[in-house]
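The values are calculated or read from the model by the stated rules, or taken from the named source; none is laboratory data. In this text, all values refer to a predicted model and were calculated from it rather than measured experimentally. With ideal geometry, Cβ positions are generated from the backbone for all residues, glycine too; neighbour counts draw on all protein chains shown.
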Amino acid sequence: MRAVVLGLAERAILEDGGRFFSFCPEVDAAPVPCDSWEVSRLLTVSGRRRYLDQAKLDDVKRCLQELVRQEMALDLFLMLFDGDCDADLRREAAGELNSLLADATTRVGLEGVMYALPMPESADLVAARNVCNDHVPHVQEFLKLLLNAQGLVRSARAAWDKTCEQHFDSSEGRSRALALAHEHAFFPRVVRAMANDGLWQGTLFDLHKRLPSLRGLINQWTHSLKPAAVAPITRPMPDMGSGEGRKRPSKHPQNLASTANPLKHVEQLKDDFKRVIALRDFTEAENVLDQLLRFHEEGGHSGKRKKSGRAFAAKSLCDLAMFCKKQGLYDWQLRLAEMAVGYNSEDPQTWSHKGGALAENNKLEEALKVFDDAFLKFPGDVVAKTGRAEVLKSLNRLEDSLLAYDEVIEKFPVNVVAKNGRAEVLKSLNRLEDSLLAYDEVIEKFPGDKY
């Protein structure tokens, strides 16, 4: 079954065996047969669309849900620049948009559209900046990056239009190419590569991999933007699922650990990951993460054995997980923390990071189980014990949390996190005098501590 998913119409057109169907999950229990004139009418609806081949109904539902959210985000974002809108209405729009942009798929979808055209002169930038404060951090960051990139956006779009004119005879072909560019976030990725030469090769390779049918268009477009930095790939990639065109694996793979200063190289890779993940360039983040882990596995951290390399990989993953937490990328935080446990389950730090990441993702029961397991596996680890007490507090199991904090403080009397947590639990239990005494003790013993 083939489908055209229309985000603005909140409906999909399906074609199966030469018959057409219309489908809106919110209204229709199943696809509804329709005539060709109805299909033509639906196709006149503007907005984002996505083309699916060999799709199942669940794929259509998921895709439609994503596009509807992206259309909502686009409407709210454009409202920020409407000087005729009331300030309170723009603030409300910013709040709703901030919630939508917490979802990575929605954010990438909005980038795909907003980086594809420069901002019009009629946009009220002052009005938009006035409502994008610290209360809407996702919107504030999105707007800042977009406005800083406007010069590159303008160049990328001009080159795209010129290239498409040369490749397509019909407006339909150009429209479909642009829809695919939106869907696969071509414009934000290329704009970032224009600002950072180090991203060009990875970006070009990924664009070819995503849409090999547009290889010629991609080559000409990117080459016109960065002719010195881009070496266009003109040969099709070999089918990795068959033996033909595939290199036989070497018995002596390249030693990734041959770098002269391994520690500096690891820190550089970690810095690269942090930079691209902060830009929400998740594909490039995957590439850098893969390089980092392969370097560790080859012993590249210090030239030691691979077993030790896995332990250092776990430490790097924990560091990157904490960075993702600060960025509000809690799904990435959890993924990296789980990988850290996989690389070194004998390090209590990895378990504590996993438990903390589960808690950040509001998976409190799972977090409690992880901390309980860590408590049994590493009975002397103070971080796991404190994390367990904090999760019990979040679960509103206040008496259990208080007992857990008391146990930590008994064995580690200078643990300021536990002391502060205990004071908070006492306040939640309405034991205000005890809570005040506990806070006073924290302030007296740790006057310079931020907790």
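Just a few scattered comments:
- Verdict on V126 being more than 15 Å from T222 (Cα to Cα) and surrounded by 14 or more Cβ atoms within 10 Å (Cβ to Cβ): no
- Subset of region 85-103 that is acidic (D, E) and closer than 17 Å to R129 by Cβ - its residue that is surrounded by the most Cβ atoms within 10 Å (Cβ to Cβ): E92
- Lone qualifier among R154, R210, R174 - being touching a Cys at 6+ places or on another chain (Cβ under 7 Å) and without any contact (Cβ under 8 Å) to a residue 40 or more places away in the chain: R174
- Qualifying residue in region 387-396 (condition: within 21 Å of L317 (Cα to Cα), outside the structural domain of K315 (by TED's automatic domain parsing) and crowded, with 16+ Cβ neighbours inside 10 Å): yes
- Tally of residues being of a type outside the set (D, E, K, R), farther than 19 Å from M322 by Cα and in a helix (DSSP H, G or I) across region 375-396: 5
- Among (1) within 22 Å of E26 (Cα to Cα); (2) touching a residue at least 12 places away in the same chain (Cβ under 8 Å); (3) not β-branched (V, I, T), the one test that A87 misses: (1)
- Selection within region 186-196 - under 13 Å from L279 (Cα atoms) and either in a helix (DSSP H, G or I) or under 16 Å from the mean Cα position of the chain (by Cα) (or both): P188, R189, V190, V191, R192, A193, A195
- A single member of L110, L97 is out of contact with any Gly (no Cβ under 9 Å at 6 or more places or on another chain), of a type in the set (A, V, I, L, M, F, W, C) and at pLDDT below 90, and it is L110.
- Annotation: of all residues in region 1-48 being at pLDDT below 70, of a type outside the set (A, V, I, L, M) and closer than 26 Å to L211 by Cα, the one that is farthest from the chain's Cα centre (by Cα) is T44.
- Test: residue in region 134-150 that is over 23 Å from L76 (Cα atoms) and modelled with pLDDT under 90: no
- Considering region 342-373, the residues that are assigned by TED's automatic domain parsing to the domain that holds L293 and not in a helix (DSSP H, G or I) include one that is surrounded by the fewest Cβ atoms within 10 Å (Cβ to Cβ), namely E346.
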